[in-house]
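Presented below is the structure to which this report refers.
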Amino acid sequence: MGHLDGKVALVTGAASGNGRAMAVRFARDGADVAIADIDTAGLEETARLVRQQERRVLAVECDVAKKEDIDRLVAETVRTFGGLHIAVANAGVVERETDCFTMTEEQWDRTISVNLKGVFFTLQAAANQMRAQGTGGRLIAIASIMAEWGSAGTPAYCASKGGVKQLVRSFALACAPYGITCNAIGPGFIETQMTAPLREFPPLAQYLIDRTPVGRIGTPEDVAAVASFLASDEASFVTGTIVFPDGGITAGLYSRALAMAREQAAQGRS
Ligand code: NAI
């Protein structure tokens, strides 16, 4: 018995990282899962992992930058499983090797069309399906700690994630009368292929760990655990908000080295 028994969940960007972990977690919790991505090889592997949980899986090639792909994804999910109860708009990209001074129109459009337009139309298609079913539902969008922070190197990513935080508020208000909640998850630094270039630069990885009160980089399973709760019936009073699985990094200025030095000084005084 899982707390998502009998539910149907949909996850975009499910070929790797956070999306894969959420798909597998939902299956472990009892849901059948539709998984979508542009990376069909990665989808195959996620499908295998979902089947290992003895749940049904539907893998759909889908580019979330195209509204018609999202509409087809939702239609195929409903045709296959008979409904939709949980939808996670997770697919995302980050611009690389650019900054505020050099970003091109193409780079801007790519990030915004996947991370913001893609999230909007995923939430819209899922919300309309849930509203038509009359069953209520759970909408989740993956934002980031970059919904709160700026970054000289990734201005479009930050703008898109700040936009996601606002989108979930709008959907929460629109969907409340139908028993549909809408929330965002704002992960901190998580070990996925998106952050591989950061982790390959040891001084930066060490800086991030030092800056994080919990003292480690996060895992996709940390994100999936939050999604599992937000997707549950127990989360019916939580809507329009953003939950940060970030090890405390957005709580305020912090240095682990300084905190340890302070603790040593306190022990010396006692
Ligand atoms: P990832 O790169 O492992 O996963 C992203 C997935 O999205 C990939 O499978 C990719 O093929 C897919 N994707 C890209 N463009 C797509 C499109 N147009 N249509 C459909 N799928 C597409 O990276 P990760 O970290 O798992 O990212 C998942 C989400 O988590 C993203 O929204 C990202 O911004 C967010 N996030 C990640 C953090 C991290 O530290 N890894 C921190 C905060 C947020």
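The values are calculated or read from the model by the stated rules, or taken from the named source; none is laboratory data. The structure displayed is predicted, hence computed values, not measured ones. Using ideal geometry, Cβ is built from the backbone for each residue, glycine included, and neighbour counts are taken over all protein chains shown. With ligands, DNA and RNA removed, areas are computed over all heavy atoms of the protein, side chains included. Shrake-Rupley method; radii C 1.70, N 1.55, O 1.52, S 1.80 Å.
A simple rule links phi to the HN-Hα coupling: the Karplus curve 6.51 cos²θ - 1.76 cosθ + 1.60 with θ = phi - 60°, which for segment 138-147 gives 10, 9, 9, 10, 8, 9, 4, 4, 6, 6 Hz, with x for Gly and Pro. Both radii were evaluated on the Cα set of the chain; the Rg over Rh quotient, with Rh as the Kirkwood radius, amounts to 1.00. Counting only protein heavy atoms and a probe of 1.4 Å, the accessible surface of the chain is 54% carbon and sulfur. Rg/Rh, computed from the Cα trace of segment 21-68 with Rh as the Kirkwood radius, has the value 1.00. Dipole magnitude for segment 169-270: computed about the Cα centre from +1 point charges on Lys and Arg Cβ and -1 point charges on Asp and Glu Cβ, it is near 420 debye. Counting heavy atoms of the protein chains alone, Ile112 has an accessible area of about 40 Å² for a 1.4 Å probe. Between Met130, Met146, Met260, the Gaussian network model of the chain with springs among Cα atoms under 10 angstrom shows the greatest mean-square fluctuation at Met260. Considering all different alpha carbon pairs of segment 104-185, the Kirkwood hydrodynamic radius works out to 13.2 Å.
Across segment 212-270, the fraction of Cα-Cα pairs farther apart than 20 Å, rounded to a whole number, is 48%. Put simply, the amide H of Ile242, placed in the peptide plane, has neighbours under 5 Å in Ala184, leaving out anything fewer than 5 places away on its chain. Using a Förster radius of 35 Å, what is the FRET efficiency between Ala257 and Asn128 based on their Cβ-Cβ separation? Nearest 0.05, please. The pair Ala257/Asn128 has a calculated efficiency of 0.10. Phi angles of segment 207-220 translate, via the Karplus equation with coefficients 6.51, -1.76, 1.60 and θ = phi - 60°, into HN-Hα couplings of 4, 5, 5, 4, 7, 9, x, 6, x, 7, 7, x, 10, x Hz per residue; Gly and Pro are given as x.
Distance between the 7 Å Cα→Cβ label points at Arg216 and Leu173: 4.0 nm. Given R0 = 30 Å, the distance between the Cβ atoms of Ala152 and Arg48 translates into a calculated FRET efficiency of 0.15.
Database remark: amide H of Ala59 closer than 5 angstrom to the amide H of Ile35 (H placed geometrically; neighbours at sequence offset of 5 or more, or on other chains; Pro and chain starts carry no H).
Just checking the listed ones, Ala225, Ala235, Ala143: in the Gaussian network model of the chain with Cα springs under 10 Å, the one fluctuating most is Ala235.
Remark: the chain carries 48 Å² of accessible area per residue (probe radius 1.4 Å; ligands, DNA and RNA excluded). Phi-derived couplings, Karplus 6.51 cos²θ - 1.76 cosθ + 1.60 at θ = phi - 60°, listed residue by residue for segment 255-270: 9, 4, 4, 5, 4, 5, 5, 5, 5, 4, 5, 5, 5, x, 6, 8 Hz, with x used for Gly and Pro. Normalised by the number of residues in the chain, the mean separation of alpha-carbon contacts (under 8 Å, six or more apart) gives a relative contact order of 18 percent.
Of Thr250, Thr122, the residue with the largest accessible area leads and the full order is Thr250, Thr122 (1.4 Å probe). The protection proxy used here, the mean number of other Cβ atoms lying within 10 Å of each residue, ranks peptides 72-85, 14-27 as follows, highest first: 14-27, 72-85.
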